[in-house]
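Participant: I'd like to ask some things about the structure below.
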Amino acid sequence: MKTIIEPFKIKMVEPIKLTSPAERETVLRQAGFNVFQIPAEQVIIDLLTDSGTSAMSAEQWAGMLRGDESYAGARSWYRFEAVLRELTGMPHVLPTHQGRASERILFELIGGPGKVIPSNNHFDTTRANIEHSGARAVDLVIDEGKQPRNRHPFKGNLDVSKLESLIQAVGAHSIPLCMVTVTNNSGGGQPVSLENLRAVREVCQRHGIPLFLDACRFAENAYLIKQREAGQRGRTARAIAREMFDLADGATISAKKDGLVNIGGVLLMRNDDLARRANNLLILTEGFVTYGGLAGRDLEAMAQGFTEVLDEAYLNYRLRSVAYLGEHVLAAGVPIVEPPGGHAIYVDAAAFCPHIPPAQFPGQALVCALYRHAGIRAVEIGSVMFGQVDPDTGESAAPPMELVRLAIPRRVYTQSHIDYTVEALVEIYQRRDTLRGLRIVSESQALRHFTAQFEEI
Ligand code: F0G
């Protein structure tokens, strides 16, 4: 059979309110043309993020009821620890409330002024935690990773020669660790190959630099390796994921993505001394080492989610549904980051609305059009998010691309929801010259994309 179906049945449903164009116009204006300010109930298809928005399985909900809420040494903790150890081979497993809590603990310990942390692309919370410690975050993705139309199969790869040059320039002693984000969210959800991970590992090892993964979407990366990397087709996603972790000295994970849960995170490492210090910080700000700021039921849901996510029928359907959205809008001429990556389709808004200059936020114009036309909520990843002038340095980091991300929550929407999204995007594309730029009327000092208010030009 050619058709790849959702490998699950629906047991519980959540109604979607079907709003009218007039209602959406009012809501959009009240929100100051900022979709973060729109109540979720006023959204028909919510593609703002794939983080914490997964539908849990019957087994996960059953685990929630079985959760052991003991303060220390809960049964749910031992189950969670065993699942994570088997999956990753890491001896030290620290539970945290979400990915950025893992990042905060890690960079408080190894960051600080004078330190430099390279990655393919740091996610914004990772960068913020590194900079908060006083260290510098450096992005070293391969050049192909910055070219929307380049169909390189592993556009998330870290450029090994740029890493060598950085080590030459600042010295290995200034680099307490190197990160690799799998898949590379800030670079279009693009995967990293095993070959690249091995090469990065080799350079790091030669210079005595530990390698850590930002492994939020490790299962999607593993399955993309299976599909795209020579010699990997015959292996299981589980074996590939294990090899990815075997190449690393530690990892931060937001379980809100491939952990298939609504809240939770993990910090993993091999080094005993680092783990001892990390556990001290964990106790200080998250919770005791066997619950880390979570309930026992959350640990159960994570243990089950990290097991289910490597089911290949699930991964095949998951990556197919993202690619399906990408291929259908591409066929109608909509410019996107190619090839489709793991968890989202990224529309190239600069190419979509060439009549709107970056200063008038073409990505935000498209985000507003998607909401107006079809009640779809997407997110701008361009000049609104990254173009702000830093009040301390007076610099603004002009983003390399003006993107709009349509992130697909896991196991939430069916094919007809995706078809509806294709139709909306294509209809807007056909009248793209009617889209209008925006100007900011008020903004906060930092992270303005959450709260900025706009008006149309
Ligand atoms: N690393 C990556 C690659 C991420 O995508 C995220 C979150 C984090 C770390 C932080 O994890 O939210 O649990 O603290 N990404 C979400 C997104 C917010 O929409 O892409 P967190």
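Participant: Enter the angle in degrees (range 0 to 90, nearest 10) between the Cα long axis of helix 272-285 and the first principal axis of the Cα atoms of the chain, meaning the one along which they spread out most.
Facilitator: Here the helix axis deviates by roughly 50 degrees.
Participant: For residue 412, which sequence-distant residues (separation of 5 or more, or a different chain) have an amide H within less than 5 Å of its own amide H, given hydrogens modelled in the peptide plane?
Facilitator: 55
Participant: State, as an integer percentage, the relative contact order of the range 58-308 based on alpha-carbon contacts under 8 Å between residues 6 or more apart.
Facilitator: 31
Participant: Averaging sequence separations of C-alpha pairs under 8 Å and six or more residues apart, then dividing by the length of the chain, give the relative contact order as a whole percent. The partial results should precede the final answer.
Facilitator: On the way: 936 pairs, mean separation 103.6, N = 457.
For the chain, the relative contact order is 23 percent.
Participant: Could you order peptides 375-388, 111-124, 156-169 by the average number of other Cβ atoms within 10 Å of their residues, highest first?
Facilitator: Numbers: 375-388: 23.1, 111-124: 20.6, 156-169: 18.1.
Peptide ranking by packing, descending: 375-388, 111-124, 156-169.
Participant: Please give the net charge around residue 363, taking every other residue with its beta carbon less than 11 angstrom from that of residue 363, where Lys and Arg add +1 and Asp and Glu add -1.
Facilitator: Value of the local net charge: -2.
Participant: Compute the separation of the alpha-carbon centres of the range 396-425 and the range 91-105 and state it in Å as a whole number.
Facilitator: Distance between centres, Cα-based: 28 Å.
Participant: Which distance in nm do the two modelled labels at residue 29 and residue 66 give, with both placed 7 Å along the Cα-to-Cβ direction?
Facilitator: 5.4
Participant: With a 1.4 Å probe and every protein chain kept in, tell me what percent of the accessible surface of the chain is carbon plus sulfur.
Facilitator: Values: 9970 of 18620 Å².
The C+S portion of the solvent-accessible surface of the chain is 54 percent.
Participant: Something else now. For residue 9, give me every one of the aspartates and glutamates with a C-alpha distance below 18 angstrom, ignoring sequence neighbours fewer than eight places off in its own chain.
Facilitator: Here the aspartates and glutamates satisfying the reach criterion relative to residue 9 are 59, 308, 311, 312.
Participant: Here is a follow-up. What fraction of the DSSP beta bridges in the chain is antiparallel, stated in percent and rounded to the nearest 5?
Facilitator: 65
Participant: For residue 162, go through the aspartates and glutamates and keep the ones whose alpha-carbon is under 15 Å away, minus same-chain ones fewer than eight residues off.
Facilitator: Hits, sequence-local ones excluded: 139, 143, 144, 202.
Participant: On the first, second and third principal axes, largest extent first, how far apart are the outermost C-alpha atoms of the range 147-280 in Å?
Facilitator: On the principal axes, the range 147-280 reaches 37, 36, 27 Å in Cα extent.
Participant: Between residue 415 and residue 207, 0.36 nm times their residue separation minus their Cα-Cα distance comes to what?
Facilitator: Between residue 415 and residue 207, full extension yields an extra 70.1 nm.
Participant: Additional query: Please give the contour-minus-distance gain from residue 239 to residue 6: 0.36 nm per residue of separation, less the Cα-Cα distance, rounded to one decimal in nm.
Facilitator: 81.5 nm
Participant: Run through the DSSP bridge list for the range 58-308 and note the antiparallel percent, rounded to the nearest 5. Before the final figure, lay out the partial values.
Facilitator: Details: 12 of 23 bridges.
Of all bridge pairs located within the range 58-308, approximately 50 percent are antiparallel.
Participant: Amide H of residue 181 versus every other amide H placed in the peptide plane: which residues, excluding those fewer than 5 positions away on the same chain, fall under 5 Å?
Facilitator: Amide H to amide H, under 5 Å and 5 or more residues apart or across chains, residue 181 pairs with 120, 121, 214.
Participant: Any idea what angle helix 296-308 forms with the longest principal axis of the chain, computed on alpha-carbon atoms, 0 to 90 degrees, nearest 10?
Facilitator: It works out to around 80 degrees.
Participant: Quick one: check the C-alpha center-to-center distance for the range 137-159 versus the range 235-301, whole angstrom.
Facilitator: Answer, in whole Å: 27.
Participant: Which angle between 0 and 90 degrees, to the nearest 10, do you get for helix 21-30 versus the longest principal axis of the chain when only C-alpha atoms count?
Facilitator: Computed tilt is about 60 degrees.
Participant: Might you tell me the accessible area per residue for the range 354-457, computed with a 1.4 Å probe and given in Å²?
Facilitator: 44
Participant: Taking 2.2 N^0.38 Å as the expected size of a compact globular protein, what ratio does the Cα radius of gyration of the range 58-308 give against it, to two decimals?
Facilitator: 0.98
Participant: Any lysines with Cα under 16 Å of the residue 155 Cα? List them, leaving off those in the same chain fewer than 8 positions away.
Facilitator: Result set, ordered by chain and number: 146, 226.
Participant: Follow-up. How large is Rg/Rh for the chain, to two decimals, with Cα atoms and a Kirkwood Rh?
Facilitator: Here the Rg-to-Rh quotient is 0.95.
Participant: Residue by residue through the range 354-362, what is 3J(HN,Hα) from phi via Karplus (6.51 cos²θ - 1.76 cosθ + 1.60, θ = phi - 60°)? Round to whole Hz and write x for glycine and proline.
Facilitator: My calculation for the range 354-362 gives x, 7, 10, x, x, 5, 10, 6, x Hz in order.
The values are calculated or read from the model by the stated rules, or taken from the named source; none is laboratory data. Computed from a predicted model, the values in this text were never measured in an experiment. Glycine gets a Cβ as well: all are built from the backbone with ideal geometry, and neighbour counts include every protein chain shown. These area figures cover heavy atoms from the full protein model, side chains too; ligands, DNA and RNA do not enter into them. Shrake-Rupley method; radii C 1.70, N 1.55, O 1.52, S 1.80 Å.
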